[in-house]
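Just so it is clear, none of the values below were taken in a lab; they were calculated from the coordinates. Nothing here was measured: the structure is a model prediction, and the numbers come from that model. When we count neighbours, we look across all protein chains shown, and the Cβ atoms used for this are built from the backbone with ideal geometry, even at glycine.
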Amino acid sequence: MISVLVVDDHAVVRAGLVALLNTATGIKAIGEAADAESALAEAARLRPDVVLLDIDLPGGTDGIALAAALTARVPDCRPLMLTALDRPGHLERALRAGACWTRVCGHHGPSPAR
């Protein structure tokens, strides 16, 4: 079973992702967080296999910085970026920060993986 922590500042998005993930065979959403600080605490407590996170988070720490912090503090988890933003440099920064995959919502075709 792949355990997933969902991180997004929009409650409806988090709820939808949790519901969707929990319908998939072999995947279980085990927690959620709305910001980087909560996400780090939950990841340390729950030790998920995957952290599905948005790039744009409130509180001064974006998802890219969170991906770097997660890989340093919870090295067994894999950050996966999910975003509606298609800003120049985001993909490269996310991959350098330790994200193993990114997906721009609404983008047609796969995003590069690492």
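Some observations on this one:
- Table column - 3J(HN,Hα) (Hz), segment 50-61, Karplus curve with 6.51, -1.76, 1.60, x for Gly and Pro: 9, 10, 8, 9, 7, 6, 8, 10, x, x, x, 10
- Treating r as the C-beta distance of V12 and S38 and R0 as 22 Å, the FRET efficiency rounds to 0.80.
- Once both labels are positioned 7 Å from their Cα atoms along Cα-to-Cβ, the gap between R96 and R45 label points is 3.3 nm.
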